[in-house]
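Every read-out reported here was derived from the displayed coordinates using simple, explicitly stated rules and does not represent laboratory data. Fair warning: this is a prediction, and the values are worked out from it, not measured in the lab. Positions of Cβ are generated from backbone atoms using ideal geometry, with glycine treated the same way; all protein chains shown enter the neighbour counts.
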Amino acid sequence: MLPTIEACFPAWIGLGIVVALQWLTRLLMLSVEYHRRRLLGSRSHPGQHGDLPALTMMVAAKDEEEHIKSCVSSLLMQDYPNLEVIAIDDRSDDQTPLILKRLADESNGRLRVVSILHLEDGWFGKNNAMREGVAASGGDWLCFTDADCRLTSMRALTVAMQEALKHDIDFLTITPVLEMNTLWEKVTQPACAQSLMFWFQPSRVNDPNRATAYANGAFMLMSRDCYNAIGGHDRVKTEVNEDIQLARYAKAAGLKLRMVENDDLYRTQMYGSALQSFRGWSRILFGSLKSGWRLCFSLTASLLFTVLPPMFLTISLIGRAMADAGQISNWTIAVGVWLTAVVLCQAAAWRFYSFLKANRWWSLTYVLGAGVTVAMLLNALMKQIGVASTTWRGTTYRRDERIDVPVQRVL
């Protein structure tokens, strides 16, 4: 026999209380983190840069004609005194090689272009490209970025290096300011970022006594000694998210890993379309969380704590409107509990959008973004168990294997 509505009320209201308490806790944690956070910006280390070590800045590009000019131009504008810039053309089929050649010709020798014509067996594309860039580099320190990133301060590299030297950091990663120009980006990216940052909170990453490690491939600065000690890109040649795995190896080796938030040093626009975003974030979630139970937990939490509460509130309002005199008090309690949960969720989203430097009014769409994130997490889980594959930049991968070798570009 199915339970009656009356019998379900205690469990349903109890669930609502749990959800509300979770969001209250999350809101308090975000408020504390917001007031004690330290942003790294162009004014964080004022004055002369002094004697800084030789630095090689690297960016890999595959079919990045839309972004590569602004990215490389921003690198060449840096005031860093001893800087080598290397751009790796990774088998591009668009105008990327021509753009890089033009930039190199105009750079007075400050830009070196490394061309990759084929992808070696046993390697994923970006990891192979960065390995080739490192092999051609001469800096005592290495900095890696992505082609869709743009340094917005000419002091970005100087400030980052000063931060690393001041705090004796071996591996510094700086989180990006996300450019959210399209409706899709404004709705989905904060929810995706929230799902990821649940696992990689800066306070945990920066605590040497915790195993939590994180790096963002948009900006990774490390000494060459650190790079060599953790095995470089050879050790992560089949990793979809090589940045986080490099950070894990660094922390496990006892090296000093530090994650800092970015104020005005650089920005990135990750994906140009809804399809690219869905595939890209599914890949990021798959590669970052790395386990079925984490993906299942994130999926369940997003569904239970964000997507379902507005639905349960709607059911409660309808139930109260249709209830008889004997049940109206129970429905009223349900309305109050689920309304509290929804309001606290919205308050936490409002605060989180401040972290992202996003328009907080877009937090009103957070539940929609969480719904899309659930679909991305489900897709990532299917990748984890080997049911689905990942196609990125013309190459298809299943779990840690490349299963579709692209046609090689020839001269």
**Request:** Sticking with the crude label model, points 7 Å out along Cα→Cβ, report the distance from C8 to W293 in nm, one decimal please.
**Result:** 3.1 nm
**Fill in**
With R₀ set to 30 angstrom, the calculated FRET efficiency between the beta-carbons of D79 and L183, to the nearest 0.05, is 0.20
**Item:** Fewest-first sequence of H35, H167, H233 by Cβ atoms within 10 Å of each Cβ
**Value:** H35, H167, H233
**Fill in**
Within the chain, the percent of DSSP beta bridges that are antiparallel, given to the nearest 5, stands at 40 percent
**Prompt:** At a Förster radius of 56 Å, what calculated FRET efficiency corresponds to the Cβ-Cβ distance of I17 and K256, to the nearest 0.05?
**Reply:** 0.85
**Item:** Under 9 Å, Cβ to Cβ, from A54 - net charge with Lys/Arg +1 and Asp/Glu -1
**Value:** -2
**Request:** Return the single residue from A347, A321, A229 with maximal mean-square fluctuation; model: Gaussian network over the chain, springs between Cα atoms under 10 Å.
**Result:** A321
**Prompt:** Fully extended, how many nm does the chain gain between Q201 and T238 (0.36 nm per residue separation, minus their Cα-Cα distance)?
**Reply:** 10.8 nm
**Asked** Roughly how big is segment 94-220's charge dipole about its Cα centre, with Cβ charges of +1 (Lys, Arg) and -1 (Asp, Glu), in debye to the nearest 20?
**Response** 240 debye
**Prompt:** How many Å³ per residue does the convex hull of the Cα positions in segment 58-128 occupy?
**Reply:** 85 Å³
**Prompt:** Based on DSSP H runs of at least 4 residues, each adding -39500 (n - 2.57), what is the mean residue ellipticity at 222 nm of the chain after dividing by all its residues, to the nearest 500 deg cm²/dmol?
**Reply:** -15500 deg cm²/dmol
**Message:** Report, in listed order, any pair from K101/K251; K62/K357; K69/K357; K251/K357; K101/K166 with a Cα-Cα distance greater than 32 Å.
**Reply:** K101/K251; K101/K166
**Request:** Within the set of other residues whose C-beta is less than 10 Å from the C-beta of N82, count the net charge using Lys and Arg as +1 and Asp and Glu as -1.
**Result:** -3
**Asked** Taking +1 at the Cβ of each Lys and Arg and -1 at the Cβ of each Asp and Glu, which of T175, S70, T158 sits farthest along the dipole of the chain towards its positive end, judged by Cα position relative to the Cα centre?
**Response** T175
**Item:** Dipole-positive endmost among W362, A349, L103 within the chain (Cβ charges, Cα centre)
**Value:** A349
**Request:** Taking the dipole about the Cα centre of the chain, with the C-beta of Lys and Arg at +1 and of Asp and Glu at -1, give me whichever of L30, C143, I244 is farthest to the positive side.
**Result:** L30
**Prompt:** Between A375 and L24, what is the FRET efficiency for a Förster distance of 30 Å, r being their Cβ-Cβ separation, to the nearest 0.05?
**Reply:** 0.65
**Prompt:** If you add up the charges near M259, with Lys and Arg at +1 and Asp and Glu at -1, over every other residue whose beta carbon is less than 14 angstrom from its beta carbon, what do you get?
**Reply:** +2
**Request:** Take the alpha-carbon centre of segment 163-183, take the same for segment 226-304, and report the distance between them in whole Å.
**Result:** 13 Å
**Message:** Using the crude model of +1 on Lys and Arg Cβ and -1 on Asp and Glu Cβ, and no other charge, please compute the dipole size for segment 23-78 relative to its Cα centre, in debye to 20.
**Reply:** 460 debye
**Prompt:** Among I230, I284, I333, which one moves the most in a GNM of the chain with springs linking Cα atoms closer than 10 Å?
**Reply:** I333
**Message:** So if I average 1/r over every pair of distinct C-alpha atoms in the chain and take the inverse, what Kirkwood radius in Å does that give?
**Reply:** 23.0 Å
**Asked** How do the peptides 156-163, 374-381, 269-276, 89-96 rank, highest first, by the average count of neighbouring beta carbon atoms within 10 Å per residue?
**Response** 156-163, 374-381, 89-96, 269-276
**Message:** About the Cα centre, and with charges only on the beta carbon of Lys, Arg (+1) and Asp, Glu (-1), how big is the dipole of segment 143-184? Nearest 20 debye, please.
**Reply:** 180 debye
